[in-house]
Amino acid sequence: MHSSEVAQQLKADATLEISNLDVFFGQGMERLQAVKDVSFSVAKGGSFGLVGESGSGKSTVLRTISGLVGDWKGTININGKSMDYRRDRAFYKTIQMVFQDPYASLHPRHTIDRTLSEPLILHGVGDRDDRVDQALLDVGLGTAFRFRYPHQLSGGQRQRVAIARALMLEPEIMLLDEPTSALDVSVQAEILNLLADLRQNKNLTYLLVTHNLAVVAHMCEDIAVMNRGEIVEVMSVETMRKAEPQHPYTRELLLASEGYVPE
Amino acid sequence: MTESTNNSPSVTDSSNLRAWLTTETPRSRFQAKMTQLYSGWQSLRSNPLALVGFLILVILILVAVFAPFLATHGPSEQNLAMRLAPPGSDGYLLGSDEFGRDIWSRIIFGSRITLMIVVLVACTAPVFGLLVGTVAGYLGGWPDMVLMRITDIFLAFPRLVLALAFVAALGAGIENAILAISLTAWPPYARIARAETLTIRNADYISAIQLQGAGSLRIITGHIWPMCMSSIIVRVTLDMAGIILTAAGLGFLGLGAQPPMPEWGAMISAGRKFLLDHWWVATMPGLAIFIVSLGFNLLGDGLRDILDPKGEQS
């Protein structure tokens, strides 16, 4: 079949490979399986979308990959290296994350300068002043923003800072956790275009989580649809565009999203 | 004030300085700090009661610094011919005590002791409580259990009784009294700090710094402490009145400052014997304690409004 061929091909030069991932929350009797047997792979330079409704476990997959969730089974391979429960320093220079809510992801008492400098300090990177200025320019903010506090910035500007922070360590893989869902519609497009440009310029690999099918259609080449902690279907964006997915849940999701479009 | 080199170097008049302090786009770390401080000062100024409290504390500090110039007598200078002189009598503004010592001068010099108590307690108990609370809250698990049970044990003792026990064990004296107060004052700060930590440890900005590979120590001191600071500072200023009163109480019981130190609590204790016939001996130091405690309470109330992060949004 066509899609499985694509999957095989992807696997060959995969940068990020997840197989048989189970994630649990809670302990003892209340232990709950949030993610069941999830497998997918993202090729180097590719962009992979994880779609599903709220509570489907898609954000949990991201947090598990980033090492923020501890209780998991399965294999997470990054650049061919299997991940342990504890992550080493090199890991943080390979993978970074952009969070959903820019109002909660920047420390309210730190200046933008401090937020962006800290990863450089932590990893002993030199010429910090230039790098911080360059990062602000890269995400379309001027250097005038450098010594401001987050409360002096709009939501879109904050998300640009969050993107800049994720890029400070020059990672290869970016985990994007609904990067636009907390923003105004007019700002959403700006941020998506910024992310698309950055991906091209810096040759990044994206793993994007969203519930918005229009966003994945714009940003990704391949999509996995999640429901109740399981992947129900992996397909290419072309398949989705032609509205010929195999699984009934995916068709439902597509139909629901079309309900938005004014005819 | 040092000017930023990037800014126009000819900042001389106050309107330029104000513009420099209120700018939306600070040019340096220093300027960013100063604009924050300035906006804090602006909100303090708009709160008259807090400003009164702040002024009382400034006056306390000035009095302590310039005590030798303000006092008319030495704090232990006796003049038995003039014992128990009423307020306003020749050379004795607030009267004299049973040894003919000038009460005004003793209160002035006593402000140094009060300030020392305040500073030492404020530098030890809240810092220790903050450390215990944030470590317990951030790490969770067994460190949380152990640290918070120790906190509970300290909380279960009545404060003055525990302080009494410490002073009794270590010997009477102002240093031991301060140590005893600090040892009994930290548990509430640990509780507050832990509660604050629990609400922010799962915040995205903490996850973000974890994702950059920061260690627990760096996260606690650099990212969690700044968020706990405002509630701790407010609590400290509100507690300061109680701490001054506890120190005065220990002095009153004879377990704090020893004679002839002009500690306000000890002065009230000495004046107790003459309270009916010579009211001023105990009342004047009592008034001093009252004014300083009131100052701290007013400032604490005001700071709660100023530092409350929810208030910042509006």
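The values are calculated or read from the model by the stated rules, or taken from the named source; none is laboratory data. What you see is a predicted model; the values in this text were computed from it and never measured. Glycine gets a Cβ as well: all are built from the backbone with ideal geometry, and neighbour counts include every protein chain shown.
General observations
- Residues of the range A:113-127 classified as away from chain B (no Cβ under 11 Å) and over 19 Å from residue A:94 (Cα atoms), total: 1
- Residue in the range B:150-157 that is crowded, with 21+ Cβ neighbours inside 10 Å, of a type in the set (Val, Ile, Thr) and away from chain A (no Cβ under 14 Å) present: yes
Table: residues versus (1) surrounded by 22 or more Cβ atoms within 10 Å (Cβ to Cβ); (2) among the acidic types (Asp, Glu); (3) assigned to a loop (DSSP other than H, G, I, E, B).
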| residue | (1), (2), (3) |
| --- | --- |
| A:64 | yes, no, no |
| A:68 | no, no, yes |
| A:75 | no, no, no |
| A:87 | no, no, yes |
| A:92 | no, no, no |
| A:96 | yes, no, no |
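- Residue list for the range A:143-181, filter: within 9 Å of chain B (Cβ to nearest Cβ) and either of a type in the set (Lys, Arg) or free of Cβ contacts under 8 Å to residues at least 12 places away in the same chain (or both): A:144, A:146, A:148, A:152, A:165
- Within the range B:197-209, considering residues that are more than 18 Å from residue A:115 (Cβ to Cβ) and free of Cβ contacts under 8 Å to residues at least 40 places away in the same chain, the one nearest to the other protein chains (Cβ to nearest Cβ): B:202
- For the range B:140-149, filtering for residues that are closer than 14 Å to residue B:186 by Cα and either surrounded by fewer than 10 Cβ atoms within 10 Å (Cβ to Cβ) or without any contact (Cβ under 8 Å) to a residue 12 or more places away in the chain (or both) leaves 1.
- Residue match in the range B:177-196 (condition: surrounded by 13 or more Cβ atoms within 10 Å (Cβ to Cβ), away from every other protein chain (no Cβ under 14 Å) and without any contact (Cβ under 8 Å) to a residue 24 or more places away in the chain): yes
- Test: residue A:239 is surrounded by 18 or more Cβ atoms within 10 Å (Cβ to Cβ), under 20 Å from residue A:46 (Cβ atoms), modelled with pLDDT under 85 and among the hydroxyl-bearing types (Ser, Thr, Tyr): yes
- Within the range B:210-231, the set of residues being more than 7 Å from chain A (Cβ to nearest Cβ), over 23 Å from the mean Cα position of the chain (by Cα) and either of a type outside the set (Gly, Ala, Ser) or closer than 12 Å to residue A:105 by Cα (or both) comprises B:217, B:218, B:219, B:220.
- Here is the figure for the range B:37-84: residues that are in a helix (DSSP H, G or I), among the small types (Gly, Ala, Ser), loosely packed, with under 14 Cβ neighbours inside 10 Å and free of Cβ contacts under 8 Å to residues at least 40 places away in the same chain total 1.
- Hey, residue A:41 assigned to a helix (DSSP H, G or I) and either touching a strand residue (DSSP E or B) at 6+ places or on another chain (Cβ under 8 Å) or farther than 26 Å from residue A:219 by Cα (or both) or not: no
- Looking across the range B:279-301 at every residue that is under 10 Å from residue B:56 (Cβ atoms) and β-branched (Val, Ile, Thr), the one that is surrounded by the fewest Cβ atoms within 10 Å (Cβ to Cβ) is identified as B:291.
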